[in-house]
1. Using beta carbons and a limit of 8 Å, which pairs, at least six apart or on different chains, have the first residue in the stretch 548-561 and among the basic types (Lys, Arg) and the second one open to solvent by 60 Å² or more (accessible area, probe 1.4 Å)?
2. So Arg72 passes all but one of these: (1) of a type in the set (D, E, K, R); (2) open to solvent by 10 Å² or more (accessible area, probe 1.4 Å); (3) modelled with pLDDT of 90 or more. Which condition number does it fail?
3. (1) assigned to a helix (DSSP H, G or I); (2) within 23 Å of Arg396 (Cα to Cα); (3) at pLDDT 95 or above: which one isn't true of Asn488, the others all being true?
4. Which of the residues spanning the stretch 120-133 are buried (at least 22 other Cβ atoms within 10 Å of the Cβ) and under 14 Å from Phe339 (Cα atoms)?
5. Sort out which residues of the stretch 401-428 are in contact with a helix residue (DSSP H, G or I) (Cβ under 6 Å, 6 or more places away or on another chain), of a type outside the set (A, V, I, L, M, F, W, C), farther than 15 Å from Phe498 by Cβ and not in a loop (DSSP other than H, G, I, E, B), and write them in order of number.
6. Gly581: of a type outside the set (Lys, Arg), touching a residue at least 24 places away in the same chain (Cβ under 8 Å), on the phi > 0 side of the Ramachandran plot and surrounded by 14 or more Cβ atoms within 10 Å (Cβ to Cβ), yes or no?
7. Of these, Lys280, Lys300, which one is open to solvent by 20 Å² or more (accessible area, probe 1.4 Å), outside any loop (DSSP other than H, G, I, E, B) and within 30 Å of Asn254 (Cβ to Cβ)?
8. Please specify each residue of the stretch 185-205 satisfying the condition of being open to solvent by 20 Å² or more (accessible area, probe 1.4 Å) and touching a residue at least 60 places away in the same chain (Cβ under 8 Å).
Amino acid sequence: MSPRIQKKRILIIPSIKKGNGSGHIRRSIKLAQRLSACGAHAYIFADSVTSRSHDCYTKEDIRQLFPAGSVRKIEILTEAVPSEWDICIFDTRETSVPRLSNFLGRTFTVGIDEGGAAREFFDYLIDVLPNLEKTEPNIGSPGFLNLPEQPPAENSGFTGNFKNVLVSFGGEDGGGLTERLLEMIDDTGIIRLDQITVVKGPFFRNADLPAEVKILEAPENLAAMLRNYDLVFTLFGLTCFEALYSMTPVVLLNPSAYHRSLSVRAGIPEIGINKPDAAKLDNLLQNTERLFRAVDSYSKVSRMDLADYIMNLKLSVRKCRGCGSVKHKIIYRDRDRSFFQCDACGLVNQMYFGNKTPDYGSEYFFEDYKKQYGRTYLEDFEKIKTDGIRRCGVIRKYRRDGMLLDIGCGYGPFLAAADESGFKVRGIDVSLNAVDWIKNELGYKAEAVSIEQPEAIISENADFNAVTMWYVIEHMHDLPAVLSRINNLLEPGGVFAFSTPNFRGITAKKSAAGFLNKNPLDHYTVWSPGAAKRLLSGYGFRVKSIECPVIHPERFLRRDLYDLLPAPVRKAADFIFSLSGRFFLLGDTFEVYAVKLK
């Protein structure tokens, strides 16, 4: 009998503060419906923690947004424990850091169109609408909107007249934009009032509207109706993008300077803040090129299913792999990853949300290695061995000889170097092909096993005098277990040595984003000398030496400028950069040599 698949439990937290409109609530309820259809248990959390209760819509108010039949199966909660949920989705407009902190490390957090101080702390960020935030999202696209069907091409041409006009300023229109717009239109006669339809949302305040306009009472699916209009007046938000996708021109009247800035950035025509500018509107209606430029741009957006996208994310709850702390800013994002630097130990952690899994078979050492270095691992054997001889020279400052274990030994070049340097050697690696090659071609003892497996170490319970990991430690999922096991394997005074990419090296200093963008998916941590010292001291080691033996002087300058330097100047620059790079540990990789304390 196959094991039962556990459905994801998803909590959606919309903004329920009065004055923020009903768009967040509407979108959250539709998302909950879609997530339920995708196989999740989706709930709405009417969380009024940041406001006085009378400033927020109630559970009963929220149910008024939709007919009872369409929202009946969506449970609305007023209490929730973060750790009980697999995913918590915030559609709250502006989330505070203290509020989000209750969820970090206890569940996977997703922010949608987040503009608050907590934006930098969400595990995953989705921007459906364009924004002014400096922090980039993991992914951003208006295609995530609940976009309607587009009209057939033969019905999408503009007739030259705006005979059927829609006015929609959200579920509440607390700023009275509808009245101000209609008053201006009535005064100027730019559009006939009997050609206008006004959407009255469920929280629309009593407004004195002209008798000539038609009223559309809280439509359940306004998006599907937008294609029937020649022009839509609205504010920057969901409706404007739904209309543009429907090939309907849009004019924005915004409630704030912030909304206007968003409109300008998105390239959507606007006619003012709170007070409509009649001259601007008349110019737009007489010269429609700007109106249809926005239509042309946003009608070509590719539709994406937000619920399906979220369901396919691989969950990665935030926790520093080194020290276990959880509340840190995200320092870089792309579609499949978020990186955060631990405030406690300094280690950079990669959270990966995709579905690729590392494969350390023959391709890893041959085809993949050759793509990066221009030759296969075995073709590079002697060079790696030469580096190993130098590393053994450093190890022998603290331990002259004895039993050495190389973790992630690959095809054994460092084992050969250690053997020539006077150590008795053993190796482990997850690649069965590599281990077989070591046994058959080099004659050393090796096992095909991971240091992270409980059964890993090692058939003879020997105390090792040295344990090494060359470009391996960044691949470890469970650093506490690995560092504790290495400590147990070493005798007191034994040497632990490793190398790893350097987050404080010159390339990362010039562009942390560029450095992290190139970080391989199977590098779960990115180290720095300071992080290495702090972490190792917590696991019973004292760092004796940190070195950057390889410095690339050309990386201190732009490559094109470096190549322009005359040969004598370049030689002098190489010397200066190499010397300073080693002294200040600015290499793109570094090596750590530590001893186990008694």
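The values are calculated or read from the model by the stated rules, or taken from the named source; none is laboratory data. Nothing here was measured: the structure is a model prediction, and the numbers come from that model. As a convention, Cβ positions derive from the backbone with ideal geometry for all residues, glycine included, and neighbour counts pool all protein chains shown. Side chains are part of the model used for accessible areas, which takes the heavy atoms of the whole protein and leaves out ligands, DNA and RNA. Shrake-Rupley method; radii C 1.70, N 1.55, O 1.52, S 1.80 Å.
1. Arg555/Lys510
2. Of the numbered conditions (1) of a type in the set (D, E, K, R); (2) open to solvent by 10 Å² or more (accessible area, probe 1.4 Å); (3) modelled with pLDDT of 90 or more, the odd one out for Arg72 is (3).
3. In the conditions (1) assigned to a helix (DSSP H, G or I); (2) within 23 Å of Arg396 (Cα to Cα); (3) at pLDDT 95 or above, Asn488 misses (3) alone.
4. Correct list: Phe121, Phe122, Asp123, Tyr124, Leu125.
5. Here is the first cut: in the stretch 401-428, the residues in contact with a helix residue (DSSP H, G or I) (Cβ under 6 Å, 6 or more places away or on another chain) are 404, 406, 409-414, 416-418, 421, 425, 427.
From the residues that got through so far, the ones that are of a type outside the set (A, V, I, L, M, F, W, C) too are 406, 410-413, 421, 427.
If we keep only those that are farther than 15 Å from Phe498 by Cβ too, we end up with 411-413, 421.
Result: Pro413, single match.
6. no
7. Just a single option satisfies the conditions, and that option is Lys280.
8. Within the stretch 185-205, Asp187, Thr188, Ile190, Pro202, Phe203 qualify.
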